[in-house]
Every structure is written in structure tokens, then in C-alpha cells.
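To start, the structure under review is shown below, and the notes come after it.
The values are calculated or read from the model by the stated rules, or taken from the named source; none is laboratory data. Given the structure is predicted, the values throughout are model-derived calculations rather than measurements. In case anyone asks, the SASA skips ligands and DNA or RNA and just uses the protein heavy atoms, side chains included. Shrake-Rupley method; radii C 1.70, N 1.55, O 1.52, S 1.80 Å.
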Amino acid sequence: TATATATATGTGAHIVDYSIDWRMPEEWTMCRHLRDCIERFSKIPSLETNVGNGHVRGKNYTQMMDTNFYKLTKGDLKDEKIVKFEILGHGNEDWLEGHLRREGETDMIHYTPTFGNIFHSFFQLSPPIQTMYNHVTQSLNLTSQEYIAVHLRVRHPSGYRRNAKMDGRYAGNADRHVPQFANDFRESAIKAAIRALECTQLLKNGASASWSTATESSNSEFLPVYMMSDTKDLVNYFAFDLSNQMANNLYNQSFSENDPESIHFIAKSIASKFHIISRQLDDENLHIDKATPPGKLEQYYSVFLDLFIGINAKCMVFGIGNYAVFAAKISFTPCKIRYQRAKLGTQGIETAAGGGGGDGSFLSRDQICGKVKSSL
């Protein structure tokens, strides 16, 4: 999910030296208190949106965009200098592509290299995050296009049955509340990771034609697996704890080490088939628009760090959510596979993850991990 708030002058974005200035004007941000900024922001007129409280129902993406363009050029907002616009785009990609085709466009966006070209034309890592990126890739010996990225989104609300609870709280609120890495949540998270690694095994075994074609120039069997997640304890468990005797001893107190049906035993077995690496995680990767705002902006840096590590991966293995899908779309890698579908299944998730079919499908049929021989 990605949302954006932009400033507009007349009919277009505010242009400065041929680049887009996304910053709000100072008179809107120089506030004595946060509530003053919120009050000012609430008074800015809004364009029609397909998300949140202002969701306009009964209109598809194209109709909504046409209405907004009219409002800005000829309608009641044509004289406004600043407007608010929030859009949930990934569930409406087919509408946009169809609209472009009707207008005579031949260079599509979402399933072509154009998507990544546009992204890189707009964005680059800020100096502090670039420094972090350089340090992580050098310390882990990560070379672009020579590793597999596995993303584990285990706190997504759609990963759980409706009304399911973790630690006595609804799992649907897990983006705001990080459950303790124990009991049901730990077992559920580890199972998701095992499933992801089992699907990654398809790449090593050459079981999928598209995978083997995408990786025939590099020996994929020996590619390291960079693991990233919205739960730091899960990454640390696979990347560090399973190979650490002291940590294993602690886990063995709550798992039966030699029991073949133990989730810990299965995790160690599947992990031993890969070279799993990650940066040492001390803090969670925050959900940009759902997590409780942190005290420091720097706490968001790791989200963008992992995004760019995902962009530069040879292959992407992902489950629920669109964070890793976003990285794969930017890189336009043909080597990608999904290991988990949403339990509550919304149109946005299914479309972005390949459930839409046709020309707009993000994944071909052989890139969806179906029935693999599971250890679970």
C-alpha cells in the first residue's frame, strides 16, 4: 500500500528546476504544535479518493481520475494552489492500463521496465540511507543480481482468519502492535518462513521453467538468500539463532529438538539447505502509514534500505502484501514467486500479487507456488 500527498500549482505539480518539489510550503508546516499542523492540513481541499474516510464508492479508478482532472482544470478547485490527494493504486492497475490503451498509449507502465524507470527518475536513496546500504551490502558481500530476496510479511491483517487473536489482541491490529515472538504467533511466523523457503527450493531444483530461464546465467543453487520481514525476531531466528548454539539451547527449552514434528526441528532442517543472511535487526521495520509514529525519522530508514536490497535481488520470493511486489515491479525481474495468499483476500492484494489473470497479471501460472511437498 502506498499513499502520497502532493502539492499542486494550477493544473500540475510544483516545478522547481525541472524536478518535482514534494514538500509542503513552509506556511503549512511551520506550526507551534502538531495539532496546529493537523488543523491546517484538515482544511486543505481534497480530490476524490478510493481509500480511507473519503472513499468515493461507485466509481472506478478511471472515472475518479477524470473527475479530479476536471476539478483541477475547470471545476471548483481550478484556482486552488494546494490540494490533497490520496490514492490506493495497486488494485486499479488494469483500469489505468486500459485507459492508456484507449488513449493510444503503447508503452504500458505496471508490467514493463517503464515502471522502474519512472521510479528511479523520481527517487534515489538519501545520503544516510545510501551509507547504510553500502555498509550492509559490503558487510554481507551482497552483489546486485547475485542473491535471492525472501520477504516475510507475517503481521499483515490478511494473513489471519477474521477475529483471530494474538496475545489477547486482534491479529488485524498487528501492524500497530507487535506480538511477542512466542507461542501461537511464533509458530505461525516460522511456518510462513518454512513455506517461503520450500517455495524457494523450486528455484534451486529448477522445477519451474520461468525460474530456470531467469537464472540460467547464474548458478542459483549457490545464491545466498537475503531474508527481510516486518518481524525482526523472525529474521534473527533464521539468520542467526539457528546457527548459534547458545540461542538453540534456549529455543530447545520450548521446542523438542529431536522431534521430527517440532516446528524448530523442521525450521533447522529447511534452513540448512540455504545460505540465509540478513543484517542484524535491533528494531522493527515500521509500516509507513499504519505504525505508531516513531520519535525519530531515522527509524523509518530500514524500510527503504530493505526495499532497495529487494530491488537489486536476482529473484523475489513473497507472500501477503505489496512491499516485495513493489520491489519486484521496480526491478522488472522475471524471477519471482508467491508462497502465500491472503486469507481474507481483497481485490487489491489479489490483483497486485497475480490473481487478476490476463495481461494485467503480475505472475504467470508457473510463478505461483502451488502444491509443493511440505515439511509441515
Inset, instruction - Could you tell me the accessible area of Glu26 in Å² (1.4 Å probe, neighbours in place), rounded to the nearest ten? - result: 130 Å²
Legend entry - Computed Kirkwood radius, in angstrom, where 1/r is averaged over Cα pairs of segment 67-163: 18.6 Å
Inset, instruction - On the full set of protein chains, 1.4 Å probe, figure out the accessible area of Tyr339 and give it in Å² to the nearest 10. - result: 10 Å²
Inset, instruction - Take every Cα-Cα pair in segment 42-92 and report what % of them are more than 18 Å apart. - result: 28 percent
Inset, instruction - Ignoring everything but the protein chains, give the 1.4 Å probe accessible area of Thr137 in square angstrom, nearest 10. - result: 20 Å²
